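Below: the structure, in structure tokens.
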2 protein chains.
Amino acid sequence: MTPVKAPEDTRNKILQTAFEEIHKNGFQGSSINQIVEKAGVTKGALFHHFKGKNELGYAVIDEIIYGMGKEEFINPLKESSDPIQDLKQLILKKREQAREDPSFICNGCPLNNLAQEMSPLDEGFRTRIEKVFTAWRACYAKAFKNGIEAGTVDPTVSPETVAAFFVSAFEGIVGTAKSAQNLEVFTRSVDGLIYYLDSLKP
Amino acid sequence: MTPVKAPEDTRNKILQTAFEEIHKNGFQGSSINQIVEKAGVTKGALFHHFKGKNELGYAVIDEIIYGMGKEEFINPLKESSDPIQDLKQLILKKREQAREDPSFICNGCPLNNLAQEMSPLDEGFRTRIEKVFTAWRACYAKAFKNGIEAGTVDPTVSPETVAAFFVSAFEGIVGTAKSAQNLEVFTRSVDGLIYYLDSLKP
DNA sequence: GACAACATACCAACTGGTCGGTTTATTACT
DNA sequence: AGTAATAAACCGACCAGTTGGTATGTTGTC
């Protein structure tokens, strides 16, 4: 009983395909023609749902990447009062996922990819991306603050500084896997990150 | 007394302009047409000196970025036996440079930019870039090994792990400045990196 | 029938790259 | 030293293909 015209469905198909293409080739390296072909839709459909290539990119951030980041990296630390333990668990899980399917991580972090490519070139991208990063850091800073109060974190550390450093370092580590196109140095760097987290204990 | 035809000069002008354009717009985002225009040469000259766009990119890595990285990040740590002190000095100097001229750092690390964009797409880029990263990590690992022997570094740390983590974290931090297009979080993250370095003392 | 949801043909602008030709520098020979 | 031959350096028009984007038409749904 699926109707021939399913606008929401078409839109989602375009969005998802655009996300995958952008994750693989970057935004500038992805072409509208290829996206519509892979999505199995026509250019008319795409430009009916999105004003242009930039707007499509914006929608990919707002409607896919934002939720992804929240679900995988922010929510797990929400209301944490032992961020050292919870972050260790999180990144070890990520490393395990990377082992099972290296292809995803070897294309880099979708958010940071776009950040590095587009932030200096387009303000629309920059603000949308920075919104995610800011929420990310704020969540971790809160967790470390809670940790200090709960006695799970060395009280002399600055929650904001640790949060900023952790996010930067984590994105750098993921970038390492992409750069090398294998998990060797990535795995090593994760070890270093865990060592760092442990150094924050009281 | 400058000869009309100065091949070495022309080549360098193209190379330097290509470096700047790539640093600003990425490799795929830079166009041959714009490069020749900005360099004040013709397309014939460019394709006389370089086989194609990729070869030009390779030359930018081999002849500009490689030396840059060596001079600014590898040589200062060569034969260091107190890497904690020397690395702190190095990154504080970099932060000072960034304050004086934010525009350069806000375009990201030229090496890592190319790594993130091109490593998954082209093996020629990947190997050339990875060569620099490998040399970089090896130098720092050696310095930490020396530091352990000299008693300036906690002997329980793994030199290779620390080196890998430091390089990843540093590139992540530089990426933060590019992503945010300002130095606020960058500065914070550098604080975190320094705190981390101090935690490696005996 | 009205309007959203598509489809298709098409466009100017630009992409990396080529090619025939000209200019300059270097070499070889007298 | 003078000059002819050769090679390197450079020029700019041109190419086929692709880019993001549009205009117009058709189809389906309420």
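Where a number appears in this text, it was derived from the coordinates with a stated rule and is not lab data. These numbers were taken from a predicted model, which means no experiment stands behind them. Every residue, glycine as well, gets a Cβ built from its backbone with ideal geometry; the counts of neighbours run over all protein chains shown.
Of note:
- Each label was represented as a point 7 Å from its Cα along the Cα-to-Cβ direction; for B:H48 and A:Q34 these points are 3.4 nm apart.
- Within the straight-line cut-off of under 16 Å between alpha carbons, the lysines reachable from A:K78 are A:K70, A:K88, A:K142, A:K145, sequence neighbours fewer than 8 places apart in one chain being disregarded.
- Table column - 3J(HN,Hα) (Hz), the stretch A:77-82, Karplus curve with 6.51, -1.76, 1.60, x for Gly and Pro: 9, 5, 6, 6, 10, 9
- Highest mobility in the GNM of chain A, judged by mean-square fluctuation with C-alpha springs under 10 Å and restricted to A:P120, A:P102, A:P83, is found for A:P120.
- In this label model, B:V4 and A:E72 are separated by 6.0 nm, measuring between points 7 Å along each Cα→Cβ vector.
- Inverse mean reciprocal Cα-Cα distance (Kirkwood Rh) of chain B, Å: 18.4
- Cα-based Kirkwood hydrodynamic radius, the stretch A:85-187, one decimal, Å: 15.0
- Applying a length cut-off of 27 Å (Cα extent along the axis) and a mean Kyte-Doolittle floor of 0.5 to the DSSP H helices of chain B leaves B:159-180.
- Under 18 Å from the Cα of B:K38 - lysines, other chains or at least 8 residues apart: B:K13, B:K24, B:K53
- Mean projection area, nm², convex hull over Cα of the protein assembly as shown: 23.0
- Sequence-distant aspartates and glutamates (8 or more away, or on other chains) whose Cα lies within less than 15 Å of B:K178: A:E117, A:D122, A:E123, A:E130, A:E171, B:D101, B:E117
- Peptides ranked, highest mean first, by Cβ atoms within 10 Å: ranges B:70-82, B:15-27: B:15-27, B:70-82
- The stretch B:109-161: translational diffusion in µm²/s, Stokes-Einstein, Kirkwood Rh over Cα pairs, 37 °C, 0.692 mPa s: 262
- One Cα centroid belongs to the stretch B:140-165, the other to the stretch B:167-202; the line between them spans 19 Å.
- Within the listed set A:G124, A:G108, A:G175, the residue fluctuating most in the Gaussian network model of chain A (springs between alpha-carbon atoms under 10 angstrom) is A:G124.
- For the stretch A:33-129: span of alpha carbons on each principal axis (Å, largest first): 50, 30, 23
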